[in-house]
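K.L.:
I'd like to ask some things about the structure below.
The values are calculated or read from the model by the stated rules, or taken from the named source; none is laboratory data. These figures come from a predicted structure and were not determined experimentally. Because the Cβ atoms are built from the backbone with ideal geometry, glycine has one as well, and the counts that use them run over all protein chains shown. Note: accessible area is taken over every heavy atom of the protein model, side chains too, but ligands, DNA and RNA are not part of it. Shrake-Rupley method; radii C 1.70, N 1.55, O 1.52, S 1.80 Å.
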Amino acid sequence: MNKFLKWLFVAFVTLILLPFTILFFIFRKAKGVPVAHPENLENLDEDAKEYVKSKGSTTDIGTRYKYLRISDKLTPVRPSVHVGLVEDKKINGPKGTQLPIRIYTPIADGPYKVMLYFHDGGFINGSIQTTDALARDIVEETGFKVITVDYRLAPDSPFPAAIEDAYTALEWAYSHPASLGYDGTGFIVAGEGAGANLAAVISIMARDKKSPATISEQLLFSPITDIFSRDASVLYPSFDTFDEGFVLTKDGLDKMFSLYIADNYNLKYNPLVAPIRTKDLSNLPPALIISAQFDPLRDQSRKYAEALKKADVTVDYHEIERVTHGYMEHLPRAASHVLQLVNKFVK
C-alpha cells in the first residue's frame, strides 16, 4: 500500500504539479515584472498608478508576445455596456486569408457614422477581444457604429500584413453601406499605438489610391509614426525620459520594431512603416492626435501633429496629463476624457 501511495505521489508530481509549476513561471515571465518606481508613481493619476503597479515591463518580448496572445483570447467582454448588436464576421482578406472583424451597432436606429478601430499591441499582440470593452464604450459615448479588426500580427505575419488587413477592412466597409447603415459622410479611422499607425497609414494610402472609401477623420491615440527603436531617442527624447517605470521600455519597443519588420532594417524609413517619413502629407483627413504625458512615444505624437499642420492638414492635438501609454484600453477616466474630445472633433 505504501509503495502504491509512493508511485501515486510521483505520478501526481510528474504529470500534474510539475507541468503546472512550469506553466506558472512561464506566464509570470511573460507578464513581466512590474518596474514602477515610487518617484514615478507620484506623478501619475490614480488609474495610471494602479496600471503601472500591476503591469509588467515590456522588455522580455520573446516570451511575452507568445503567451499574452493566449491571455488576450481570455479577456472578458463587457456585457454591462449595452449596445444594440455585436456581430463577429470573417471577410475575405489579402492573398486568400480570412480577416476576422467585430461589428458593434448602437441601440439607436441608423444611419450611422462608421468607425474602423485598430487595436494596440506593438504589432505583435492584441485582438478584437482586448478592445471589446473599449469598442462598447465608444459606441455608447459617440453613437458611432464601430468595426474592430483582428489584423495579422508579427512575427508570424510581419509588415506589410497588418496594413494590408487594415486597408482591406476599409474597402469592405465601403462596399457594404446598406448592411452597415452607413450615413455616407466618410469613414472614421482610429486606433492606439500600433493601431493608430495603421489608421494614419491607410489614410495616406486612401489618398494616394484615390479610394472612393473616403476617410473623414483620423483619430490617432499615442500613434507610432516613426521608427521606435533604440536610435529613435535622438529625434524623440521621450524614449529616454520615460524608458523605465512606465510599462513600455525602449528595449521592448526596439524588439517589437524588429519583429514587425522581420529584422529588415531597410524598411525603417518606409512611409508605410513610419508615416511621418511620407514626402507629402497634404490633403489628408483632419486628425485628432492625443498623446500621454508619461509615454516613450509621446514625442512622436507631437512631431506628427506638427508635420501635418505644416502640410495644412487640420489637426487638433492634446496631451493627457499624468497618464501612461495604454490609456484607451486600461485607464477608464482618461479614455472617457478622450471620447469627449472625439465628440467635439467629429462633426
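K.L.:
Using a 7 Å offset from the Cα along the Cα-to-Cβ direction at both Lys310 and Ser216, what is the distance between the two label points in nm, to one decimal?
P.N.:
Label-label distance for Lys310 and Ser216, simple model: 3.1 nm.
K.L.:
Would you mind working out the accessible area per residue for the stretch 236-293, using a 1.4 Å probe, and quoting it in Å²?
P.N.:
39 Å²
K.L.:
Loop-only check: which trypsin sites (Lys or Arg not before Pro) in the stretch 245-297 are DSSP coil with at most 16 other Cβ within 10 angstrom?
P.N.:
Passing both the DSSP loop test and the Cβ count: Lys279.
K.L.:
Would you mind pulling out the separation of the Cα centroids of the stretch 180-220 and the stretch 305-347, in Å?
P.N.:
16 Å
K.L.:
Can I ask one more? In nm, to one decimal, how far is the modelled label at Ser233 from the one at Lys279, with both set 7 Å along Cα→Cβ?
P.N.:
3.3 nm
K.L.:
Could I ask something else about it? Could you work out the pair-distance distribution P(r) of the stretch 166-260 from its alpha-carbon pairs, with 5 angstrom bin width and percents rounded to whole numbers?
P.N.:
Per 5 Å bin, starting at 0, the Cα pair percentages come out as 3, 12, 19, 19, 15, 10, 9, 8, 5, 1.
K.L.:
Any idea how far apart Gln98 and Glu319 come out in nm if each label point goes 7 Å out from Cα toward Cβ?
P.N.:
4.7 nm
K.L.:
Please state the equivalent ellipsoid semi-axes for the stretch 95-156: what are the square roots of 5 times the Cα gyration tensor eigenvalues, largest first, in whole Å?
P.N.:
24, 13, 8
K.L.:
Residue-wise, which Karplus ³J(HN,Hα) couplings in Hz belong to the stretch 154-159, taking 6.51 cos²θ - 1.76 cosθ + 1.60, θ = phi - 60°, and x for glycine or proline?
P.N.:
Once θ is set to phi - 60°, the couplings for the stretch 154-159 become 6, x, 4, 10, x, 3 Hz.
K.L.:
Would you kindly derive the ³J(HN,Hα) couplings of the stretch 140-151 from the backbone phi angles with the Karplus curve 6.51 cos²θ - 1.76 cosθ + 1.60 (θ = phi - 60°), listing them in order in whole Hz, with x for Gly and Pro?
P.N.:
For the stretch 140-151, the Karplus curve yields 5, 7, 10, x, 6, 7, 10, 10, 9, 10, 8, 5 Hz.
K.L.:
Report ³J(HN,Hα) in whole Hz for each residue of the stretch 209-222, in order, from the Karplus equation J = 6.51 cos²θ - 1.76 cosθ + 1.60 where θ = phi - 60°; Gly and Pro get x.
P.N.:
Residue by residue, the stretch 209-222 yields 7, 6, 5, x, 7, 5, 9, 8, 8, 10, 10, 10, 9, 6 Hz.
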